[in-house]
């Protein structure tokens with residue numbers, strides 16, 4: 001009798017432990033609101049209708065070691081993405097083009113494109129999405145004339161957020177590629 005009670009207790013404890021472990025790790029599926037733009041650290045001058053001016057028009061100095069926005073090395077700027085997307089948005093093309101122009105003007109410089117995601121989705125999915133984002137930016141830079149061999153990519157998925165909030169503004173800041181100069 002005592003042995004049977006011990007078995008029942010062990011089974012109940014095992015079931016409770018598994019329920020807590022599996023239930024506690026689940027991610028919520030959250031619907032995304034549209035129209036939220038990332039907060040820009042540098043002042044933006046209107047130029048050519050894209051909202052992107054030259055680096056000088058935006059007040060960006062050419063100190064390649066400084067961080068301007070996110071983990072991106074100045075004077076380059078990060079590129080932000082829509083939820084669950086890896087294509088360069090039209091409003092971010094000017095940023096990518098300015099980054100390419102900077103790299104073409106500094107021929108010996110190598111960079112690493114770091115793909116990042118917000119916290120929604122599984123870790124595995126976000127690592128793959130971060131890689132697609134980094135590869136998308138690399139392809140865009142290569143298309144603009146930057147040598148492929150000068151650009152490395154890495155995905156951090158959701159592991160290195162800049163903003164720890166749980167709202168659309170926070171998530172929009174974490175869906176980005178950072179452009180980091182390798183010394």
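Here, each number is a calculation from the coordinates, and none is a lab measurement. These numbers come from a predicted model, not from an experiment. For neighbour counting, all protein chains shown are included, and Cβ atoms are generated from backbone atoms with ideal geometry for every residue, glycine included.
With the simple model of a label 7 Å out from the Cα in the direction of the Cβ, residue 91 to residue 162 spans 1.5 nm. In this calculation the C-beta distance from residue 139 to residue 183 is compared with R0 = 25 Å, giving a FRET efficiency of 0.55.
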